[in-house]
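Asks: Pasting in a structure now, in structure tokens, and then I'll have a few things to ask.
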Amino acid sequence: MNTLLLNNTANDIDHAATLLKNGGVVAVPTETVYGLAADASDPVAVNKIFTAKQRPNNHPLIVHIHSLAQLEQLTVDVPQAAFLLANAFWPGPLTMLLNKSDAVIEEVNGGLTTVGVRMPDHPVLRALLMQSDLFVAAPSANPHKQLSPTTAQHVFNELQGKIDAVIDGGPCNVGVESTIIDLTPLAQQQPARILRAGPLTATMLSAVLGTPVINYQAHQQQVPGNIAQHYQPKGKLRVAPTAELVTMCQQWPDSTACVAYSDNLINAMHSTGHGHALMPMQADKAKYARALYAALYDLDRQGFAHIWVEQPPQSEAWDDVNDRLSRAGA
Ligand code: TXA
Ligand code: MG
């Protein structure tokens, strides 16, 4: 298969819409990471996603929508909380788990009773969703367990020849996957729970809901697809405290990269002559998250066998970054 590289022109978006309507698989930009999209009502098209990614078939996919009218078609018994959150955060990096309607086929949600729904905030994907008027199933556009892509080039390098097209919508602005909140416990008067940490924290979500949101211990949770080993670069990744890495600078090992954000460690790497192994990051969380996957892709491209990452802050705002790094190193 010849994989087309499309741009964000009206013509190319039109072409992508036609590909999707004809059962094709197209990688699309979102504000979080690139997704691998297919028509969510077409089982054959959806199965092509699993084949291209080599993802196990029981791992559920998120359905991407352009309007609340579409949300109501996909779901039943929607709690008021969903509309509060949609109003505050959609379009944006929030996926809500809700009870599914008959419109959701088992190829999409692994036969569960719930469906994950998200209204993404990227002008190209929004145009594509509105133009095609499809429900678009899309996981991150990476081979199973590997790093999520934040540029069209990342996708093209890994999936070229396996998918119909990639639309280049520029680098992703957020850079880590959406927060997943499960709203189904509300029906039993239980708190909503975060199943995957993301850019929107429990504090931000509960402020809108006016009720507590709990951080579910993701690794104890038995949902297919929520696996400890995930988001992995090819180099062996390890997270270590700043002080330990600063000390190691005296004898920095060969073919080991250092992902650092503190001035302390960045200066130590330079002053000991190991600047070539340094991947400097910003201390600002949003900027760090935006650059993280691209940084790891870059280090893989340079062929580092080991990637040592300076331990980020442990505050709630960094939960998503810490979650991804712990899985990348598992
Ligand atoms: O930001 C994002 O969410 C990106 C962009 C492309 O939208 N998508 C994404 O999809 O990260 P994916 O498939 O890589 O990760 C979705 C996660 C998986 O771990 C899957 O198991 C979980 O969401 N998930 C989806 N539907 C679910 C459901 N009904 N119940 C439980 N977990 C679900
Ligand atoms: Mg993924």
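Asks: Can you tell me how many residues in the stretch 195-208 are closer than 13 Å to L85 by Cα and touching a strand residue (DSSP E or B) at 6+ places or on another chain (Cβ under 7 Å)?
Replies: Of the residues in the stretch 195-208, 4 are closer than 13 Å to L85 by Cα and touching a strand residue (DSSP E or B) at 6+ places or on another chain (Cβ under 7 Å).
Asks: Kindly list, by first and then second residue, each pair from a residue in the stretch 121-146 that is over 13 Å from K53 (Cα atoms) and part of a helix (DSSP H, G or I) to a residue that is away from ligand 1 (no atom under 11 Å from the Cβ) and aromatic (F, W, Y), limited to pairs with Cβ atoms under 7 Å and residues at least 6 apart or on different chains.
Replies: Sorted first by the residue in the stretch 121-146, then by its partner, the list stays empty.
Asks: A further question follows. Since D77 meets every condition but one in (1) more than 19 Å from I194 (Cβ to Cβ); (2) open to solvent by 30 Å² or more (accessible area, probe 1.4 Å); (3) away from ligand 1 (no atom under 16 Å from the Cβ), which condition does it not meet?
Replies: (3)
Asks: Exactly one of these conditions fails for T30: (1) polar (S, T, N, Q); (2) assigned to a loop (DSSP other than H, G, I, E, B); (3) more than 9 Å from ligand 1 (Cβ to nearest atom). Give me its number.
Replies: Among (1) polar (S, T, N, Q); (2) assigned to a loop (DSSP other than H, G, I, E, B); (3) more than 9 Å from ligand 1 (Cβ to nearest atom), T30 violates only (3).
Asks: Still on this structure, please answer the following. Scan the stretch 1-59 for residues that are of a type in the set (S, T, N, Q) and crowded, with 21+ Cβ neighbours inside 10 Å and jot them down. Working first, answer last.
Replies: From the stretch 1-59, those of a type in the set (S, T, N, Q) are 2-3, 7-9, 11, 18, 22, 30, 32, 41, 47, 51, 54, 57-58; that's our starting set.
Selection gives T30, T32.
Asks: Which members of the stretch 124-146 meet the condition of being more than 13 Å from ligand 1 (Cβ to nearest atom) and either at positive phi or modelled with pLDDT under 95 (or both)?
Replies: Residue satisfying the conditions is D133 alone.
Asks: What are the pairs with Cβ atoms under 6 angstrom where one residue, in the stretch 318-330, is of a type in the set (F, W, Y) and assigned to a helix (DSSP H, G or I) and the other, located anywhere, is at pLDDT 95 or above and open to solvent by 10 Å² or more (accessible area, probe 1.4 Å)? Sequence gap at least six, or different chains.
Replies: Listed by first residue and then by second, the contacts come to W318/K285.
Table: residues versus (1) over 20 Å from D298 (Cβ atoms); (2) among the hydroxyl-bearing types (S, T, Y); (3) open to solvent by 40 Å² or more (accessible area, probe 1.4 Å).
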{"position": "L134", "(1), (2), (3)": "yes, no, no"}
{"position": "P139", "(1), (2), (3)": "yes, no, no"}
{"position": "N142", "(1), (2), (3)": "no, no, no"}
{"position": "S148", "(1), (2), (3)": "no, yes, no"}
{"position": "G170", "(1), (2), (3)": "no, no, no"}
{"position": "G175", "(1), (2), (3)": "no, no, no"}
{"position": "S178", "(1), (2), (3)": "yes, yes, no"}
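Asks: Examine the stretch 129-152 for a residue that is within 16 Å of ligand 2 (Cβ to nearest atom) and over 24 Å from R327 (Cβ atoms), and state whether such a residue exists.
Replies: yes
Asks: Which ones in the stretch 107-123 are farther than 21 Å from D42 by Cβ, of a type outside the set (D, E) and within 13 Å of ligand 1 (Cβ to nearest atom)?
Replies: Of everything in the stretch 107-123, those that are farther than 21 Å from D42 by Cβ, of a type outside the set (D, E) and within 13 Å of ligand 1 (Cβ to nearest atom) turn out to be T113, H122.
The values are calculated or read from the model by the stated rules, or taken from the named source; none is laboratory data. The structure presented is a predicted model; accordingly, all values stated were derived computationally and were not measured. Virtual Cβ from ideal backbone geometry, glycine too; neighbours counted across all protein chains shown. SASA here: full protein model, heavy atoms, side chains in, ligands and nucleic acids out. Shrake-Rupley method; radii C 1.70, N 1.55, O 1.52, S 1.80 Å.
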